[in-house]
Amino acid sequence: MKILISNDDGYQAPGIVALHDALKTIADVEVVAPEHNNSAKSNALTLHSPLYVQTAHNGFRYVNGTPADCVHIALTGLLGYRPDLVVSGINNGANMGDDTIYSGTVGAAMEGYLFGIPSIAFSQVDKGWGEIESAARKAREIVQQMDRQNLVGEAPWLLNVNIPNMPYDALRPLRMCRLGRRHAAERVIEQQSPRGELMYWIGGAGAAKDAAEGTDFHATAHGHVSVTPLKVDLTDYDGLGYWAQTVARLVPAQASGEVA
């Protein structure tokens, strides 16, 4: 089994180091990750400046670009082969609910999925890397289970996994979940620069709004490892009928060939 590993916290982050060390015991692994922290970069690609790849002393390759850049160039020429699995993480903090839209961790895994490769995004629920070895061990266990069920290297799928910061033996079983929802983000932070200019920092993520049973928020709050299957289709299927009728009323009669 050949695995490509990336992340959004950067190639030196404890999460990707722990994930690499855990997965290298069961597969051939290669790391292609951002040079610096690229959190909240989602699926962004760098199109108007060149990308450079360098190799660290531990063999990790790092790129002056986004998480999606890293996976994209790895799969379109850098590796020279097609991996069986793309794994992203382990992220420093949760990627649950609305986080998945913004997450560079999810974005890296989604890039693999868009290339037709099974992909998994791993995150720890709390920041600070507490119990990171436990999270890496659980990630390895999940990858092994997927491989044993012949799901690796087959039709593409995308999983978002959040692991509570707990000792391995204290983690409760995997729980299949839907995404929850967060409240709106906190107010923007205003500061004055040394030059007297007003500058802004994006506020923190909102607290959980929909954390009902069956959501990733609920599962991880109760010690379970949450697993959410994702797909790339933003179509509002429930709204198709409504909008078909609404748009039809907006179209002038002449546009439909009718005579006024």
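Structure notes:
- The stretch 91-115, subset part of a helix (DSSP H, G or I) and among the charged types (D, E, K, R), residue nearest to Ser39 (Cα to Cα): Asp99
- Every pair of residues 6+ apart whose Cβ atoms lie under 8 Å, when the first sits in the stretch 220-238 and is in contact (Cβ under 8 Å) with a residue 24 or more places away in the chain while the second is of a type in the set (Asp, Glu) and surrounded by 10 or more Cβ atoms within 10 Å (Cβ to Cβ): Ser226/Asp216; Thr228/Asp216
- Matching residues in the stretch 147-165 - criterion: being among the hydrophobic types (A, V, I, L, M, F, W, C), more than 16 Å from Asn7 (Cα to Cα) and either at pLDDT 95 or above or in a strand (DSSP E or B) (or both): Trp157
- Test result for Ala68, part of a helix (DSSP H, G or I), among the small types (Gly, Ala, Ser), crowded, with 24+ Cβ neighbours inside 10 Å and without any contact (Cβ under 8 Å) to a residue 60 or more places away in the chain: yes
- Residue within the stretch 163-174 that is buried (at least 19 other Cβ atoms within 10 Å of the Cβ) and closer than 30 Å to Asp233 by Cα present: yes
- Considering the stretch 21-52, the residues that are outside any loop (DSSP other than H, G, I, E, B) and touching a Gly at 6+ places or on another chain (Cβ under 9 Å) include one that is surrounded by the fewest Cβ atoms within 10 Å (Cβ to Cβ), namely Glu30.
- Restricting the stretch 216-243 to residues that are of a type in the set (Val, Ile, Thr) and modelled with pLDDT under 95 leaves a set whose member that is farthest from Gly93 (Cα to Cα) is Thr235.
- The residue that is surrounded by the most Cβ atoms within 10 Å (Cβ to Cβ), among those in the stretch 96-106 that are within 24 Å of Ser134 (Cα to Cα) and either hydroxyl-bearing (Ser, Thr, Tyr) or at pLDDT 95 or above (or both), is Thr105.
The values are calculated or read from the model by the stated rules, or taken from the named source; none is laboratory data. These figures come from a predicted structure and were not determined experimentally. All Cβ positions, even for glycine, are placed from backbone atoms using ideal geometry, and neighbour counts span all protein chains on display.
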